[in-house]
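Take this structure, written in structure tokens, and hold onto it; I'll ask about it next.
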């Protein structure tokens, strides 16, 4: 389904192992977005109306689930920078600069 979506044109695949499924697709750009735990926890706290401890617990569980899924299905390490064209820190850059960096990467890609 992900490969079919990618063939249809300009799409964004969020997670689901897209970087591994589409590693040989010409024109694809693979981006890993990261942020410090404190930044991520604050976002979760605001979005989900949770306390700090529960937000951190959810982050830890989500990260463990992602790590296990990618390892089990694709045999890779989820957050290994070498698997991505770009690794961006949304906590340091902010969302607008992150989007601009990705758009610049799209314009500059060679395949």
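The numbers here are math on the coordinates, done by the rules we state, and not lab data. Everything quoted here is computed from the prediction, not taken from an experiment. Please note: Cβ atoms are built from the backbone with ideal geometry, for glycine as well, and neighbour counts cover all protein chains shown.
Can you put 63, 85 in order, fewest other beta carbons within 10 Å first? Kindly include the intermediate steps, with their values, before the conclusion.
Working: 63 14, 85 17.
Arranged by neighbour count, lowest to highest, 63, 85 become 63, 85.
Do the sum for the chain: with -39,500 (n - 2.57) for every DSSP H run of n ≥ 4, divided by all residues, what is the mean residue ellipticity at 222 nm, to the nearest 500 deg cm²/dmol?
Working: 5 runs with 64 residues, N = 111.
Helices in the chain give a 222 nm mean residue ellipticity of -18000 deg cm²/dmol.
Given the C-alpha centroids of the stretch 60-92 and the stretch 1-45, what is the distance between them in whole angstrom?
What the calculation gives is 10 Å, centre to centre.
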